[in-house]
Every structure is written in C-alpha cells, then in structure tokens.
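S.K.: My questions will all concern the structure given below.
Rule-based calculations on the coordinates, nothing more; no lab input. Remember, predicted model here, so these are calculated numbers, not experimental data. Here the Cβ is made from the backbone with ideal geometry for all residues, glycine too, and neighbour counts use every protein chain on show.
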Protein chains: 2
Amino acid sequence: MNGPSAPPLLAARMAHIAPFEVMEIQTLARQLEAGGRDVIHLEIGEPDFRTPAPVVEAARRALDAVAMNYTSALGIPALREAISAFYRERYRVEVPAGRIVVTAGSSAALLLALGVLLDPGDEVLLADPGYPCNRHFVHALGGVPRLVPVDARSRYQLLAEAAAKAWTARTRIAMVASPSNPTGTMLEPGEVAALAALARERGGTLLVDEIYHGLTYGRDARTALEAGEDVFVINSFSKYFQMTGWRLGWLVAPQAYVREIEKLAQNLYISASTLAQHAALAAFEPATLAIVEERRRELAARRDFLLPALEALGFRIPVKPDGAFYIYADCSRLTQDSFAFAREVLGQAAIALTPGKDFGFHEPGRHIRIAYTQPVARLEKAVARLAAFLGKGS
Amino acid sequence: MNGPSAPPLLAARMAHIAPFEVMEIQTLARQLEAGGRDVIHLEIGEPDFRTPAPVVEAARRALDAVAMNYTSALGIPALREAISAFYRERYRVEVPAGRIVVTAGSSAALLLALGVLLDPGDEVLLADPGYPCNRHFVHALGGVPRLVPVDARSRYQLLAEAAAKAWTARTRIAMVASPSNPTGTMLEPGEVAALAALARERGGTLLVDEIYHGLTYGRDARTALEAGEDVFVINSFSKYFQMTGWRLGWLVAPQAYVREIEKLAQNLYISASTLAQHAALAAFEPATLAIVEERRRELAARRDFLLPALEALGFRIPVKPDGAFYIYADCSRLTQDSFAFAREVLGQAAIALTPGKDFGFHEPGRHIRIAYTQPVARLEKAVARLAAFLGKGS
C-alpha cells in the first residue's frame with residue numbers, strides 16, 4: 001500500500017473535482033485566529049442567523065411525538081402538501097404535491113434530477129461562473145459539464161441565445177440558478193421561458209436552481225415552474241429558512257418522472273431526515289415567515305451598505321445583485337490574481353474572501369466573492385480594514 | 001410532452017433499477033388495513049424500537065445549544081473521536097479518528113466509497129442474494145455489478161474462492177455484508193482476511209458493510225478493519241442504535257483516501273445532519289448501550305422463537321442467521337413462486353413478507369425474507385395464522 005498522499009486506485013472522476021480554494025483561505029484564517037487575530041468571515045455561504053425559533057420548537061415537539069423511522073422516499077405527505085400550498089400562496093402557481101419530492105438538501109435534489117435524466121457522455125450546459133458542485137454532480141454520473149462563459153452583458157446568466165449556440169447533439173440539460181451563486185443575479189421570467197422553449201425544441205430539459213428564492217431584495221422572484229410543467233426546479237430550506245445543517249430541500253419534477261425519482265431516491269437515500277421534515281412543517285407558518293422576512297430586510301441593508309462601499313474602494317460591480325447574500329466583484333483594478341489577493345487581504349487585513357477560482361474558469365483571477373453573512377457593523381469594520389490595506393484611508 | 005407514464009427522456013441506468021417488490025406488498029397491506037384488517041408487518045427492515053431516550057435527550061440539548069450550521073464534510077471532530085473510541089473499546093482495534101468519515105446514513109458512505117474507487121465500466125463483486133441498493137449504487141456511478149450466486153454451502157456469503165473465480169481484469173471491488181441482509185449470516189474473521197488478501201493480490205479493494213453489527217446473537221462480530229488498513233468499512237447508527245430516520249452513518253477508509261472522500265463529500269453532500277451528529281454523541285454512552293443491549297436480547301429471543309416455528313411450518317432455514325433481524329427462508333416445499341406466495345399470505349393470513357425477488361436473481365422464487373421487527377406476541381400470532389393458512393392447525 002502506498003503512503004497517505006497516493007491512493008492506490010482512484011476513480012478518474014476525482015481528477016475533475018478540485019478542492020475548494022476557499023478551504024485554504026479558511027485554514028489560514030483558523031491559524032490567524034489561533035494566534036489571536038479577529039478575522040472577519042466574508043467567505044461563508046450560509047447565513048449567520050440561527051434556525052427560526054418556531055422551526056426549532058417544531059423539532060422539539062417532534063422529538064416527543066414522532067418515532068424517527070424512515071419516511072416515504074418522496075417525503076412525508078404533510079410537508080409535500082405544505083410546499084405545494086407555499087407555491088400557491090407565495091407564487092400563485094399550482095404545483096400539485098404529487099410533483100414535489102422532499103430531499104436531503106438540494107444536493108440530493110440535484111443528484112436525483114441528474115440521475116433520472118443523464119446518461120454517461122451526455123452534456124449539461126452550465127454558466128461559468130457558477131456554483132462549482134453542480135459540475136461535479138454531472139461528473140459523478142459520468143456526464144460532461146459544458147461551461148458557458150457569462151459576463152456582465154448577460155447579467156452573469158446563461159441566456160437562451162448562448163445556450164442555443166453551446167447546445168450539441170449530446171446536450172440534455174441546461175441548468176441555471178436564479179438568483180445565482182456567486183453573482184446574486186436573477187433571470188427575468190421571459191428569459192426563463194426562452195430557455196424552457198429552447199430545451200423543449202431540442203428535446204432536452206431545463207433545470208433551475210431556486211435555492212436563494214426568498215432572499216431577493218427589492219423584487220420578488222418568480223418561479224421557473226411558470227414556464228411549463230416540463231421544467232425541473234430544485235429548492236432548499238437552507239438559505240431563506242436558515243436550516244443549512246438540517247439538510248433538507250426539495251425537487252419539483254414533471255409528473256412523468258416522479259415514479260422514477262422515487263425509485264432512485266429509495267435506493268440512494270432511503271429518505272430525508274424524519275426530524276428535519278417535521279421541523280420544516282413550521283417553516284411556512286406566519287410566525288416563521290415574519291422572522292425570515294425581517295432577516296431578508298437585514299440582508300438587503302447589508303447589501304445596500306456594501307455595494308457602494310466596495311465600489312468606492314476600487315472594486316467594480318457592473319451588475320447589482322438581486323439576491324442571495326453574495327457580491328461577485330471585479331477586482332481587476334486592484335489585482336490580476338484574486339487568489340493571491342485573497343491571501344494578502346487575509347494576512348494583512350484579516351478578512352476572509354472567496355477567490356473567483358472556486359466558481360469556474362472564466363476570468364477567475366479578476367473576480368472575488370464577498371458574502372454578506374455578517375452584521376453591518378462587521379461589514380463596516382471590514383470596509384475600514386480594506387481601505388487601510390488598499391491605502392485609501394477610510 | 002408525453003403522458004405521466006412515459007418520461008420523455010430517461011437515463012439508461014433507470015432500466016437497471018427495479019422497484020422493490022415489497023412496495024407492492026405494502027400497498028396491498030395498506031388497502032387491507034384501510035378495510036379494517038390487522039396486518040402483521042414482517043417485511044419492514046427497521047427495528048420497532050424508538051430511538052433510545054439518551055440520544056433523543058442529546059438532540060433536545062443540541063437544539064438549544066448548537067447553531068444548526070453545516071459541519072465539516074468529514075463530520076464533527078467529537079463524533080469521529082467517539083467512533084474511534086468505540087472501535088477501541090468494543091473491538092479492541094485502533095482506528096484513528098482521521099480515517100472515520102461521518103455520513104448521511106450508510107447510503108452516503110457507500111456512494112462516497114464507490115465514488116472514489118470506481119470508474120465507469122469497472123466491476124464490483126456482490127453476493128446474490130444481497131441488499132439490492134448496493135448494485136444500484138454501482139450502476140449510478142457507471143460501474144457494473146457482478147452478482148455472484150451464493151447459497152447455504154457458503155452460508156450465503158461471497159467467499160474468497162468464489163470471488164477469485166468471478167474476478168476479472170475490470171474488477172475493482174469485492175463487497176460483502178456481515179451480517180448480511182437478507183440472510184443474517186456473518187463472515188468468519190479468516191474469511192474476511194482471505195477476501196482482503198485476494199483484493200490486495202489483484203490490485204482491488206475489499207468493502208465491508210457492517211451496518212448490522214451489534215445486532216448479532218450468541219456471538220459478537222469482529223470488524224473487517226482487523227484485516228488490514230486497506231479495507232473500507234461502512235457502518236450506521238440506524239440499526240443497532242435504532243436511528244434510522246436520523247440518516248447517519250460512517251465510513252472507515254484507508255488514510256490515503258480520506259482527502260479524496262472529503263472532496264467528494266463536500267460536493268455531493270456538503271455535510272451530514274448537524275443535529276443527528278450531536279445526538280449520536282450519546283449513542284456510545286453507557287445508558288444508551290444498556291438500552292440497545294437489552295433490545296439485542298429481545299431480538300435474539302424473537303429469532304429463537306421464530307426459527308423452529310417456521311421450520312415446523314415447512315420452511316427450511318439451512319443456515320441459522322447470526323444477526324440482523326432477518327430470516328431468509330427457503331419456502332420451496334410450500335411454493336415455487338415466493339412472490340405469489342407473499343401475496344397469498346398477505347391476502348389470506350394478513351402477514352406482510354418480502355419476496356426473494358427483492359434480493360437478486362439467484363433462486364428468488366424459492367426464498368422469502370421474514371423480518372422479526374415485531375414483538376414475540378405478534379410473531380406468535382403470525383405463526384398461528386401461517387399455520388392456519390398452510391392447513392397445519394396450530
């Protein structure tokens with residue numbers, strides 16, 4: 001047997017899976033913190049809010065009342081109904097509970113959707129920059145991610161025109177995220193409809209990641225489910241409902257696929273966490289919605305503070321992000337190597353940022369992601385430190 | 001778009017994934033129950049015990065004390081350490097916490113192990129009969145399951161001699177389960193060592209499912225980790241600790257693979273349930289172990305009641321199961337079609353059983369799985385009903 005650094009046999013897919021660069025930043029951050037430095041964490045992709053109290057309370061009640069057995073692979077009926085009702089009330093869209101599959105986070109939702117759609121060698125169109133795990137899921141199933149470079153001209157979104165050009169005989173899926181991670185931009189309903197029409201025309205499928213829905217500022221998101229019953233949508237309790245560690249999400253699929261998804265879910269997951277499912281029943285209660293809407297306003301205030309402050313420091317943000325809790329800043333006036341820049345900012349200003357490299361191959365060196373998952377007071381401190389680091393005074 | 005029964009595009013892998021036959025039995029059972037019949041469920045693969053109170057109590061404390069954020073993809077350090085300590089205390093084997101990966105059930109442990117080891121077209125040797133999900137995981141990753149028929153002569157286990165014969169140039173993994181589902185039989189330590197030596201000699205890997213450890217009767221299981229640091233082992237909190245719905249398990253991997261497994265887990269799962277991880281810290285406490293050991297004695301009593309009773313009814317059980325909570329009975333003196341038999345037993349005796357078809361292709365028609373996940377009083381009732389159904393009086 002070889003040493004720890006060289007596994008004797010390693011699947012080829014692992015060569016496609018780069019470690020997250022931000023992990024190196026986090027390791028360095030922990031070293032600084034161990035040495036007593038106060039590091040401001042603007043690299044973390046999860047809210048700094050605790051799970052809303054009514055959800056925690058529902059979990060507490062379920063611990064007493066519910067035997068923690070496996071559930072149906074599709075999820076407990078009450079939660080599927082509650083999600084269906086949420087689509088009716090929030091979006092004015094009818095989505096039958098029978099099309100909703102409760103999953104172990106949106107991670108599982110994505111694997112199930114790709115699992116029933118994708119054969120080895122099939123291609124999936126993805127925006128670059130984008131959430132890096134998406135292309136790794138495609139690799140895991142033997143598919144081929146086709147990264148389509150996007151920039152400010154399309155608001156960092158993969159639009160139908162670019163998707164049509166990139167579409168080949170092996171393309172099966174166009175996947176978009178609205179709001180997007182890392183850019184926070186949304187697709188317009190007309191743009192989603194055009195993508196759905198393209199996929200339909202080419203005999204493929206549109207798959208839309210809506211996990212940052214609810215965290216949009218100044219405008220509400222509309223769901224891609226409006227664009228037709230043949231669209232796949234993934235969503236999550238993680239971000240808007242602040243339930244990251246509970247690992248619960250859902251998939252809305254065309255009716256024709258539900259039985260197949262159920263079979264795959266039975267085999268790959270058995271079922272999602274029983275306790276998380278019962279807790280999530282409280283997510284749609286008015287008391288919870290009041291809490292998460294208040295937090296949404298707080299996130300909007302953070303964005304509105306940070307955008308002009310970063311621009312004043314020399315970052316360029318050509319497209320104002322609509323949602324999520326990220327700013328994808330062009331730092332090319334400050335550096336051509338955002339990874340080196342992130343290390344310097346950490347070392348000298350004690351601020352952790354995520355370099356563009358983590359989101360793809362299209363101009364990563366001139367971009368950096370700033371997550372506003374810290375209170376405004378911390379963001380003010382971060383801006384002051386950055387100003388000092390950049391020699392701009394403050 | 002086609003109708004609900006025909007998805008317009010379907011991945012080829014789905015053709016390999018048969019629905020569980022037992023689902024049809026369960027649907028029929030629910031219909032009977034809706035009509036007022038008292039169905040005895042001997043088809044269910046999870047214990048009828050509630051999660052032990054100290055584990056539930058630990059979850060309750062964590063709900064107050066712990067922010068439910070993502071954890072490290074490898075699991076919280078305290079739980080990895082606790083599992084390592086459990087190997088030391090229970091098995092007298094040193095397994096560093098650094099080799100232990102906490103996963104979203106053993107389902108995730110298996111996908112991660114296969115994910116880092118298996119390229120498309122690579123073969124995995126599996127015993128037939130066996131747990132059907134295993135071969136579907138292999139398919140999901142583009143691998144090829146090679147089912148090796150096993151019978152009473154090898155105690156329904158895949159032994160080194162048969163594995164050596166089935167091994168081809170494309171074989172990468174031999175996977176065994178001890179105790180096995182559906183047969184409940186264990187491998188002897190010498191048999192595990194021979195499999196590990198074979199895998200080593202052929203440049204492959206031995207992967208051992210130990211999820212029913214702790215539920216063995218009359219003898220304790222030894223872990224395959226004794227057989228070398230190059231063996232992969234998966235385990236779970238589901239069965240012995242009665243935490244099925246919590247979705248928590250673990251993988252022990254050779255040190256050389258841990259970094260790769262971490263990368264894959266970050267991408268495919270992010271992390272396992274935070275609450276479940278904190279709850280599971282209480283699994284190894286003396287109070288919990290006292291509860292699960294008492295339940296183990298209860299399961300032993302059920303097995304010891306059911307084995308002779310079934311034999312008296314005409315079932316043949318050529319190998320006494322060592323563990324799990326299953327009896328894999330040869331029903332060929334009663335029927336040549338165990339699926340039809342299961343439907344008749346349900347309709348006429350209101351007992352739900354799992355037909356052999358769910359476990360593979362080797363003589364499924366003459367086998368049936370009986371799960372003793374019900375109290376002895378219910379098992380007595382089941383035996384009386386079976387006797388009446390078979391015209392044996394009681």
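S.K.: Give me the percent of DSSP beta bridges within the protein assembly as shown that run antiparallel, rounded to the nearest 5.
M.R.: Working: 34 of 74 bridges.
Taking every DSSP beta bridge within the protein assembly as shown, about 45 percent pair in antiparallel fashion.
S.K.: If you plug each phi of segment B:114-127 into the Karplus form 6.51 cos²θ - 1.76 cosθ + 1.60 with θ = phi - 60°, what whole-Hz ³J(HN,Hα) values come out, in order, with x for Gly and Pro?
M.R.: Computed from phi, the couplings for segment B:114-127 are 5, x, 8, 9, 10, 9, x, x, 5, 9, 10, 7, 9, 6 Hz.
S.K.: Specify the angular offset, from 0 to 90 degrees and rounded to the nearest 10, of the alpha carbon long axis of helix A:376-389 from the longest principal axis of the alpha carbons in chain A.
M.R.: So the inclination is approximately 40 degrees.
S.K.: Same structure again: Measure nothing but the geometry: give the 0 to 90° angle between the long axis through the Cα atoms of A:255-268 and the longest principal axis through the Cα atoms of chain A, rounded to 10°.
M.R.: Around 70 degrees separate the two axes.
S.K.: Turning to a different aspect of this structure: Mind jotting down the distance between the C-alpha centroids of segment A:348-394 and segment B:137-153, whole Å?
M.R.: Taking the Cα centre of segment A:348-394 as reference, the centre of segment B:137-153 is 50 Å away.
S.K.: Also: A:Thr335 to A:Arg219: FRET efficiency via 1/(1 + (r/R0)^6), r the Cβ-Cβ distance, R0 35 Å, to the nearest 0.05?
M.R.: Details: r = 32 Å, r/R0 = 0.93.
With a Förster radius of 35 Å, E is 0.60.
S.K.: Helix-only estimate, please: 222 nm mean residue ellipticity of chain A, summing -39500 (n - 2.57) across DSSP H runs of length 4 or more and dividing by its residues, to the nearest 500.
M.R.: It lands at -11500 deg cm²/dmol.
S.K.: Next question, about the same structure. What are the trypsin sites (Lys or Arg not before Pro) within segment A:128-206 that DSSP puts in a loop, where the Cβ has at most 14 other Cβ atoms within 10 Å?
M.R.: Values: sites: A:Arg135, A:Arg146, A:Arg153, A:Arg155, A:Lys165, A:Arg170, A:Arg172, A:Arg200, A:Arg202; in loops: A:Arg155, A:Arg170, A:Arg202.
Those that pass, being in a loop and sparsely packed, are A:Arg170.
S.K.: If amide H atoms are built 1.01 Å from N in the plane of the peptide, which residues on other chains or at least 5 residues away come under 5 Å of the amide H of B:Val93?
M.R.: Amide H neighbours of B:Val93, under 5 Å, 5+ apart: B:Arg88.
S.K.: Output, in nm with one decimal and in ascending order, the distances from the B:Phe284 label point to the matching label points of the other copies (7 Å from Cα along Cα-to-Cβ).
M.R.: From this label point to the equivalent ones elsewhere in the assembly: 4.1 nm.
S.K.: Using amide H atoms built in the peptide plane, which far-off residues or other-chain residues are under 5 Å from A:Thr205 H to H?
M.R.: The list, which skips near neighbours in sequence, is A:Ile173, A:Ala174.
S.K.: Okay, moving on. How about segment B:1-107: which chymotrypsin sites (Phe, Trp or Tyr not before Pro) there are in a DSSP loop, with at most 14 other Cβ atoms within 10 Å of their Cβ? Each step should come with its number before you reach the end.
M.R.: On the way: sites: B:Phe20, B:Phe49, B:Tyr70, B:Phe86, B:Tyr87, B:Tyr91; in loops: B:Phe20, B:Phe49, B:Tyr70.
Counting only loop positions with at most 14 other Cβ atoms within 10 Å, none of the chymotrypsin sites (Phe, Trp or Tyr not before Pro) in segment B:1-107 qualifies.
S.K.: Can you give the relative contact order of segment B:188-291 as a percent, counting alpha carbon pairs under 8 Å and 6+ residues apart?
M.R.: Details: 109 pairs, mean separation 20.6, N = 104.
Taking the mean separation of contacting Cα pairs over the length of segment B:188-291, I get 20 percent.
S.K.: Here's another thing I want to ask about it. Taking the C-alpha atoms of segment A:53-284, how large are the radius of gyration and the largest Cα-Cα span, Dmax, in Å?
M.R.: Reported Rg and Dmax, both Å: 17.1, 56.
S.K.: Same structure again: Considering the Cα trace of segment B:185-257, what is its radius of gyration and what is Dmax, both in angstroms?
M.R.: 13.1, 39
S.K.: Ordered shortest first, which distances in nm separate the 7 Å Cα→C-beta label point of B:Phe86 from those of the other copies?
M.R.: 3.2
S.K.: Mean-square fluctuation check for chain B, GNM, Cα pairs under 10 Å: which of B:Ala174, B:Ala371, B:Ala349 is largest?
M.R.: B:Ala349
S.K.: Another question, if that's okay. Using every pair of alpha-carbon atoms in segment A:1-118, split the distances into 10 Å bins beginning at 0 and state the percent of pairs per bin, rounded to integers.
M.R.: 9, 20, 27, 26, 16, 2
S.K.: Here is a follow-up. Placing a label point 7 Å from Cα toward Cβ, how far apart in nm is B:Ala12 from its equivalents in the other copies, listed shortest first to one decimal?
M.R.: 1.5
S.K.: Right, another one. Which ³J(HN,Hα) values in Hz, rounded to whole numbers, follow from the phi angles of segment B:73-79 under the Karplus curve 6.51 cos²θ - 1.76 cosθ + 1.60, where θ = phi - 60° and Gly and Pro get x?
M.R.: Taking θ as phi minus 60°, the curve returns 4, 8, x, 5, x, 5, 6 Hz for segment B:73-79.
S.K.: Report the far tail of the P(r) of the protein assembly as shown, meaning the percent of Cα-Cα pairs longer than 39 Å. Before the final figure, lay out each step's value.
M.R.: Numbers: 115988 of 310078 pairs.
Summing the P(r) tail past 39 Å for the protein assembly as shown gives 37 percent.
S.K.: Residue by residue, what Karplus-based ³J(HN,Hα) values in Hz, rounded to whole numbers, does segment B:141-154 have, using 6.51, -1.76 and 1.60 with θ = phi - 60° and x for Gly and Pro?
M.R.: 8, x, x, 10, x, 10, 7, 9, x, 10, 9, 4, 5, 9
S.K.: Roughly how many Å is it from the Cα centre of segment B:1-67 to that of segment B:271-338, as a whole number?
M.R.: 18
S.K.: Taking amide H positions as placed in the peptide plane 1.01 Å from N, state which residues far from A:Asp122 in sequence (5 or more) or on other chains have amide H under 5 Å from it.
M.R.: A:Val144
S.K.: How big is the antiparallel share of DSSP beta bridges in chain A, given as a percent to the nearest 5?
M.R.: On the way: 17 of 37 bridges.
The answer is about 45 percent antiparallel.
S.K.: For segment A:53-284, give the magnitude of the charge dipole about the Cα centre (Cβ charges: +1 Lys/Arg, -1 Asp/Glu; no others), in debye to the nearest 20. Display every interim value, and only then the final one.
M.R.: Values: 22 positive and 22 negative charges, 40 e Å.
So the dipole magnitude of segment A:53-284 works out to roughly 200 debye.
S.K.: Here is a follow-up. With springs only between Cα atoms under 10 Å, which of B:Val56, B:Val102, B:Val66 fluctuates most in a Gaussian network model of chain B?
M.R.: Answer for the Gaussian network model of chain B: B:Val66.
S.K.: Right, here's the next one. With chain B treated as a Gaussian network of Cα nodes joined by springs under 10 Å, which of B:Pro375, B:Pro145, B:Pro19 yields the largest mean-square fluctuation?
M.R.: Maximum among the listed residues: B:Pro19.
S.K.: If you don't mind, another one. From the cross-link list A:Lys263/B:Lys357; A:Lys165/B:Lys263; B:Lys320/B:Lys381; A:Lys239/A:Lys320, which pairs have alpha carbons spaced over 24 Å apart?
M.R.: On the way: A:Lys263/B:Lys357 16 Å; A:Lys165/B:Lys263 32 Å; B:Lys320/B:Lys381 22 Å; A:Lys239/A:Lys320 20 Å.
Those over the limit are A:Lys165/B:Lys263.
S.K.: Compute the label zone of B:Gln31 within segment B:339-380: residues whose backbone N is under 13 Å from the point 7 Å along Cα-to-Cβ.
M.R.: B:343-344, B:346-348
S.K.: Also, quick follow-up: Largest first, please: the extent of the C-alpha atoms of chain B along each principal axis, to the nearest Å.
M.R.: 60, 56, 52
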